[in-house]
Number of protein chains: 2
Amino acid sequence: MDFAEVVRRRRMVRAYTDQPVAPAAVRRALDHAHRAPSAGFSQGWAFLLLDDADTVGRFWSATTPAGKGDNAWSRGMRTAPVIVVPLACKRAYLDRYAEPDKGWTDRDESRWPVPYWDVDTGMAALLMLLTAVDEGLGACFFGVPPSQVQALRTEFGVPADHHPIGAVTLGHPAPGGVSRSARRGRRRLDDVVHRGGW
Amino acid sequence: MDFAEVVRRRRMVRAYTDQPVAPAAVRRALDHAHRAPSAGFSQGWAFLLLDDADTVGRFWSATTPAGKGDNAWSRGMRTAPVIVVPLACKRAYLDRYAEPDKGWTDRDESRWPVPYWDVDTGMAALLMLLTAVDEGLGACFFGVPPSQVQALRTEFGVPADHHPIGAVTLGHPAPGGVSRSARRGRRRLDDVVHRGGW
């Protein structure tokens, strides 16, 4: 699909049909994700792929706070056949920038204007969302509650230096309404662009 | 251009020709940027557009630490005719999630698993990088040193609650070498994907 068309069509899909997702489409989403840019080409990321009912079910068990799973959002999202958890590894960035060509051997995090480990991994997540559109699929990016991160790590053996920046559901879109957030409307371009200064 | 081709062709371009960039191409990059996803559709971002020699020159003066401008990277990057500074506004996210449908009225930042204000604005930056490829242009995303953020704010009247997550240069690519970082090589997909667990 044409690039601009992919960008225009992308939206969060929060309910899915029971049609399975072609493994090749998932592979392309992951391939694109790992082509995201990264500071110093650190590539400090990993992608936990959950693509069967067992692992997907265990994801929801681990990440749903007690008493919070019975709502429309959860019921819709749990229909997704595939979940990818993009994880950021800050340690890989500090290692990379301690190398001679960068020279930040003190590994001081105050040198970093923003946490590029999270930002770059977010870019990888966006490439999955866009690839879903290109593949005729739907996807949704959402956060893992901080209270559940340790349970997620334990369930899937995630190393302690890898932090989930959220998760991406993938599947064939089921008909559904527009979220409350989307009803807020998009800000006008001229309201967010400041030419030459404020 | 086909979406997958855009993803495959994207790379950081650190030197530009003196050919001007069509304003319509810059506009499309900004239009795509403001179509990035955002948590709760907060859209807590702004884009400072610098598209003439005066404002671009003032950007480099404000953001280059004393004694640091005389190197190959700076000489190449200063040839870019256009710079867009994507800024994240955390306050807009805390405001959005204090609304009744979210209910985080305590505005407690520990509720946020990662700083989505930075992550979402990074996604907007990636959409500019990809649009540059689609438009036959080159682009580079890079950080603004923390020591220079206040000078940047003062120079362009940026509100105190807007934080630059970096900056994006745009222009027609000049021939150039491969960066030291790129020579590291891309990690193999099978090394970063963990199916079903570690």
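Each reported figure results from applying straightforward, stated rules to the coordinates on display, with no laboratory input. Here the structure is a predicted model, which is why all the values come from computation and not from measurement. Heads up, the Cβs are rebuilt from the backbone with ideal geometry, glycines too, and the neighbour counts pull from every protein chain shown.
Quick check on the exposure proxy: order A:Y116, B:Y97 from fewest to most C-beta atoms within 10 angstrom. Walk me through the numbers before you get to the answer.
Numbers: A:Y116 27, B:Y97 21.
With the sparsest Cβ surroundings first, the list reads B:Y97, A:Y116.
Under 21 Å from the Cα of A:K68, which lysines turn up, not counting those fewer than eight places away in the same chain?
Cα-Cα hits under 21 Å: B:K102.
Tally Lys/Arg at +1 and Asp/Glu at -1 over every other residue whose Cβ is under 11 Å from the Cβ of B:P115; what's the total?
Details: positive: B:K90; negative: A:D118, B:E109, B:D118, B:D120.
It works out to a net charge of -3.
Averaged across B:32-39, how many Cβ atoms of other chains sit within 10 Å of each residue's Cβ atom? Could the numbers behind the result be given before it?
Working: counts 5, 4, 7, 7, 5, 10, 3, 5.
Average per residue, whole number: 6.
Take A:E135, A:E99 and order them by how many other Cβ atoms sit within 10 Å, fewest up front. List each step's numbers first, then the result.
Numbers: A:E135 22, A:E99 15.
Ordered from fewest to most neighbouring Cβ atoms within 10 Å, A:E135, A:E99 come out as A:E99, A:E135.
Step through the residues of segment B:4-15 one at a time and calculate ³J(HN,Hα) from phi using the Karplus curve (6.51 cos²θ - 1.76 cosθ + 1.60, θ = phi - 60°), rounding each to whole Hz and writing x for Gly and Pro.
5, 5, 4, 4, 5, 7, 5, 8, 6, 10, 10, 8
Which cross-chain or sequence-distant (5 or more) residues have an amide H under 5 Å from the amide H of A:R195, H modelled 1.01 Å from N in plane?
B:L49
Can you list the distances in nanometres, one decimal and ascending, from the A:P65 label point to the identical position in each other copy, with the point 7 Å along Cα to Cβ?
Nearest first, the other copies' label points are 4.0 nm away.
If I take every Cα pair under 8 Å that is 6 or more residues apart in segment B:3-166, average their sequence separation and divide by the length, what percent do I get for the relative contact order? Spell out each step's value before the answer.
Values: 222 pairs, mean separation 60.7, N = 164.
The normalised contact order for segment B:3-166 reaches 37 percent.
³J(HN,Hα) across segment B:158-166 via Karplus (A = 6.51, B = -1.76, C = 1.60, θ = phi - 60°), whole Hz, x for Gly/Pro?
6, x, 5, 8, 10, 10, x, 8, x
Take every residue in peptide A:101-114, count the Cβ atoms of other chains within 10 Å of its Cβ, and give the average of those counts.
Working: counts 4, 2, 0, 0, 0, 0, 0, 0, 0, 2, 4, 3, 12, 14.
Across A:101-114, the average partner-chain Cβ count within 10 Å equals 3.
So what's the gap between the Cα centers of segment B:62-121 and segment A:178-198, to the nearest angstrom?
16
At q = 0.10 Å⁻¹, what log₁₀ I(q)/I(0) does segment B:3-166 have when each alpha carbon counts as one equal point scatterer in the Debye sum?
-0.41
Would you work out which of B:A125, B:L87, B:N71 lies farthest towards the positive end of the dipole of segment B:26-148? Charges go on Cβ: Lys and Arg +1, Asp and Glu -1.
The Cα lying farthest towards the positive end belongs to B:N71.
To the nearest 0.05, what FRET efficiency results for B:D31 and B:S179 with a Förster distance of 45 Å applied to their C-beta separation?
Numbers: r = 29 Å, r/R0 = 0.64.
Efficiency, rounded to the nearest 0.05: 0.95.
Net charge within 13 Å of A:T64 by Cβ-Cβ distance, Lys/Arg positive one each and Asp/Glu negative one each, not counting A:T64 itself? Walk me through the intermediate numbers first.
Working: positive: A:R58, A:K68, A:R75, A:R78; negative: A:D70, A:E155.
My count for the surroundings of A:T64 gives +2.
Tell me, what ³J(HN,Hα) does each residue in segment A:73-87 have, in order and in whole Hz, if you take phi through Karplus 6.51 cos²θ - 1.76 cosθ + 1.60 with θ = phi - 60° and put x for Gly and Pro?
In residue order, the calculated couplings are 4, 5, 4, x, 5, 6, 7, 5, x, 9, 10, 10, 9, x, 10 Hz.
Taking only DSSP H segments of four or more residues, each worth -39500 (n - 2.57), what value at 222 nm results for chain B once the sum is divided by all its residues, to the nearest 500 deg cm²/dmol?
Working: 8 runs with 74 residues, N = 198.
Result for chain B, helices only: -10500 deg cm²/dmol.
With +1 on each Lys and Arg Cβ and -1 on each Asp and Glu Cβ, and nothing else charged, work out how big the dipole of the protein assembly as shown is about its Cα centre, in Debye to the nearest 20. Intermediate results must be reported in sequence, preceding the final value.
Values: 52 positive and 44 negative charges, 26 e Å.
The calculated dipole for the protein assembly as shown is roughly 120 debye.
Around B:T79, with a cut-off of 10 angstrom between Cβ atoms, what is the net charge of the other residues, counting Lys and Arg +1 and Asp and Glu -1?
Numbers: positive: B:R14, B:R75, B:R78; negative: B:D18.
Combined, the nearby Lys, Arg, Asp and Glu give +2.
Please state the charge dipole magnitude for chain A, taken about the Cα centre, from unit charges on C-beta atoms (+1 on K and R, -1 on D and E), reported in debye and rounded to the nearest 20. Mind dumping the intermediate values first?
Working: 26 positive and 22 negative charges, 179 e Å.
Approximately 860 debye in magnitude.
Given springs between every Cα pair under 10 Å in a Gaussian network model of chain A, which of A:F156, A:F59, A:F141 has the largest fluctuation?
A:F156
Say we join alpha carbon atoms closer than 10 Å with springs in a Gaussian network model of chain B; which of B:A22, B:A151, B:A88 then has the biggest fluctuation?
Looking only at B:A22, B:A151, B:A88, the largest GNM fluctuation is found for B:A22.
Taking H placed 1.01 Å from N in the peptide plane, check which residues at least 5 places from A:V13 or on another chain put their amide H under 5 Å from its amide H.
A:A139, A:C140
Springs between alpha-carbon pairs under 10 angstrom, Gaussian network model over chain A: which of A:D161, A:D134, A:D108 fluctuates most?
A:D108
Fewest Cβ neighbours within 10 Å first, please rank B:M12, B:M123, A:M1 accordingly. The partial results should precede the final answer.
On the way: B:M12 17, B:M123 26, A:M1 14.
In increasing order of surrounding Cβ atoms, one gets A:M1, B:M12, B:M123.
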